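Worksheet: the structure to be examined is printed underneath.
The values are calculated or read from the model by the stated rules, or taken from the named source; none is laboratory data. Here the structure is a predicted model, which is why all the values come from computation and not from measurement. Quick reminder, even Gly has a Cβ in these numbers, built from the backbone with ideal geometry, and neighbours come from all protein chains shown.
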Amino acid sequence: MRIGVFICDCGSNIAGHLDCAAVTEYGSNLPGVVYAKENLYTCSEAGIVEIQKGIKDHNLNRVVVASCSPRTHQPLFQSSCAAAGLNPYLFEMVNIRDQCSWVHMQERDRATEKAKDLVRMGVSKAAFLEPQDDIEASLIPRVLVIGAGVAGLSAAETMADMGLEVVLVEKEAEPGGLLNDLYRLSPYGENSSERIGEIIKAVSSKPNVTLYTGSRVEDIGGYIWDVDITVRQGGGETVKEKVGCVVVATGAVPLTPEGLYGYNGRDVITQMELEERLLKGEVEAKGIVMIQCAGARSPEREYCSRICCQTAVKNARLLREQSPETRVHILYRDMQMYGTENEQMLWDARGEGVRFDVFLPDRPPEVGEGKVRFYQPLTGERVEIPCELTVLSTPLVPREDSASLSQLLRVPVDQNGFFLEAHAKLRPLDFATDGIFVCGSARYPANVEEARSQGLGVSSRIATILFKEKLVTSAIVAEIDPATCVGCMGCMEMCPYGAIDYLPEEGVCRVNRILCKGCGCCASTCPSQSAMLKGFKPNQLLAQIRAV
């Protein structure tokens, strides 16, 4: 065994709080270590050269780097080892920054001793590392987009322009989603039907887009990058398709506020119903009150729907534009007009005569007898507003079939029923499951521009995958020894990615390496120790434990 140990100062992040020279000296005397080197910045070009030079000059067959977090730097060091001819899975990383120097800044001597312990553990594990080969999978340059609203259409249009084949499935008879029922769009008052019509026309003209309307995805099989789908059309016939990635763009629907504020669909309506009347030119009321957060930010739905305030202000301005003598009054808890353009729309509405008043959530307005009564906290008085029409700003809510689709795709939904992305900031358009993406209001209520930009973003994410000749993924996955597996299927229940199958003819379980993410749940559960995680096998982990 010829192990090389590289200790990183990380500037003063590590060296400022422990004795890196002493750790390097200690590491050089560990069993199997033939070379040890201290670097100012191991991740710098000079540090990488030192690793590669050490591998070649000292014929190293294992490398241990003691520095910062493997989450950020392990791929860099692994690729550096590979460039020098060493299998990248014969590399081990020890975190002496996050787990040592940063948490023991005032204890230099004890931090140094702990760093020695961590290095000793890393060297002990490295001695048992095994070379691995990356997993390669073929890719199918076709994409399934579920939902043909503005987000789904935008994604389909962009991917088609990139040269990818797109299968677009829409459950309604016509594409367009909610934009088919809107009058004008905020903040500039664009004609909704013209805007969505242009996008539909662009998508329909693409020869590499197959559009199924009045249809739904009935079944999904295979595995990511090679997915078999069954589409059931309106007439009952089914179509089989094969795709590489899936985009969920099913959108959301406005809440019907049954039992709220005397809603009846006539003189108490929703913003969506107001849109329909504006579209048909059927708004004759001269006194209109809009009530915000109707059915949102409540025990039943704790979230803010984000777009309700924009919609109310936009429609209030349209009403005043069509009939300047119309009195429009908006009752709100908080006006969520994020973005400079929407904020300007709010100030313009105030200047155009739209009235705004705050109400308290524990003292909501009362609607009845052609009047709206509410408690005004600024004056401490009850105010009564005569009106002919009350408009409720209701939130967007998930579609009824979101839960069944999430089970079909094996992707999560949040506590409100919207699809849950992998990470709100780092991976906002990805699911935790590879190859499946989400955009538009299926993820959370979004306005038109947000939905369109998310559709474009999903296209970019997919392009980074499907334009490769093949997919290469990490070899750190689970494996099951068929010689000792008893077929109890306990590992299948524990696997969060559905990556394990039972083979009844053989009576054993098997791991799908493409689906496996290397979480180790199966290895920690298997009673016969048949399931193991590569790179974290019992002999490797026990070596670390014995070392410490």
Glu300 fails exactly one of the following numbered conditions: (1) in contact with a Phe, Trp or Tyr (Cβ under 8 Å, 6 or more places away or on another chain); (2) not in a helix (DSSP H, G or I). What is the number of that condition? (1)
Yes/no for Val239 being over 30 Å from Val372 (Cβ atoms) and buried (at least 21 other Cβ atoms within 10 Å of the Cβ): no
Residue in the range 498-516 that is surrounded by 18 or more Cβ atoms within 10 Å (Cβ to Cβ), farther than 30 Å from Ala155 by Cα and under 22 Å from the mean Cα position of the chain (by Cα) present: no
Taking the range 185-207 as the region of interest, how many residues are loosely packed, with under 15 Cβ neighbours inside 10 Å and not acidic (Asp, Glu)? 8
Quick count over the range 1-55, residues being of a type in the set (Lys, Arg) and in contact with a Gly (Cβ under 6 Å, 6 or more places away or on another chain), is 0
Condition (residue is closer than 30 Å to Lys371 by Cα and either in a strand (DSSP E or B) or charged (D, E, K, R) (or both)) applied to the range 203-225: is it met by at least one residue? no
Could you please give the count of residues in the range 259-297 that are among the acidic types (Asp, Glu) and either assigned by TED's automatic domain parsing to the domain that holds Leu179 or assigned to a helix (DSSP H, G or I) (or both)? 3
With the requirement that a residue be of a type in the set (Ser, Thr, Tyr), modelled with pLDDT of 95 or more and within 22 Å of the chain's Cα centre (by Cα), what does the range 220-278 give you? Thr250
From the list Gly262, Gly295, exactly one residue is in contact with a Lys or Arg (Cβ under 7 Å, 6 or more places away or on another chain) and in contact (Cβ under 8 Å) with a residue 60 or more places away in the chain. Which is it? Gly295
Whichever residue in the range 303-314 is of a type outside the set (S, T, N, Q) and either assigned to a helix (DSSP H, G or I) or assigned by TED's automatic domain parsing to the domain that holds Leu185 (or both) and, among such residues, is surrounded by the fewest Cβ atoms within 10 Å (Cβ to Cβ): Lys314
Inside the range 429-443, can you point out the residues that are surrounded by fewer than 24 Cβ atoms within 10 Å (Cβ to Cβ) and out of contact with any Gly (no Cβ under 8 Å at 6 or more places or on another chain)? Asp430, Phe431, Ala432, Thr433, Asp434, Ile436
Restricting the first residue to the range 44-62 and requiring it to be on the phi > 0 side of the Ramachandran plot, which pairs with a second residue that is modelled with pLDDT of 95 or more meet a Cβ separation below 6 Å and a spacing of at least six or different chains? Asn59/Arg2
Do we find a residue being among the charged types (D, E, K, R) and in contact with a strand residue (DSSP E or B) (Cβ under 9 Å, 6 or more places away or on another chain) anywhere in the range 110-127? yes
Suppose we keep only residues that are among the polar types (S, T, N, Q) and modelled with pLDDT under 95 within the range 448-483. Which one would you say is surrounded by the fewest Cβ atoms within 10 Å (Cβ to Cβ)? Thr464
Collect the residues in the range 163-192 that are closer than 18 Å to Leu274 by Cβ and out of contact with any Ser or Thr (no Cβ under 9 Å at 6 or more places or on another chain), keeping them in residue-number order. Pro187, Gly189, Glu190, Asn191, Ser192
Scanning for something under 35 Å from the mean Cα position of the chain (by Cα) and among the basic types (Lys, Arg), does the range 25-44 turn up at least one residue? no
Considering every residue within the range 67-85, establish whether at least one is in contact with a Ser or Thr (Cβ under 9 Å, 6 or more places away or on another chain) and among the aliphatic types (A, V, I, L, M). no
I'd like to know if the range 237-257 contains one or more residues that are touching a Leu at 6+ places or on another chain (Cβ under 6 Å), part of a loop (DSSP other than H, G, I, E, B), in contact (Cβ under 8 Å) with a residue 12 or more places away in the chain and under 26 Å from Leu179 (Cα atoms). yes
Restricting to the range 1-49, name every residue that is in contact with a Ser or Thr (Cβ under 6 Å, 6 or more places away or on another chain) and among the β-branched types (Val, Ile, Thr). Ile7, Ile14, Thr42, Ile48
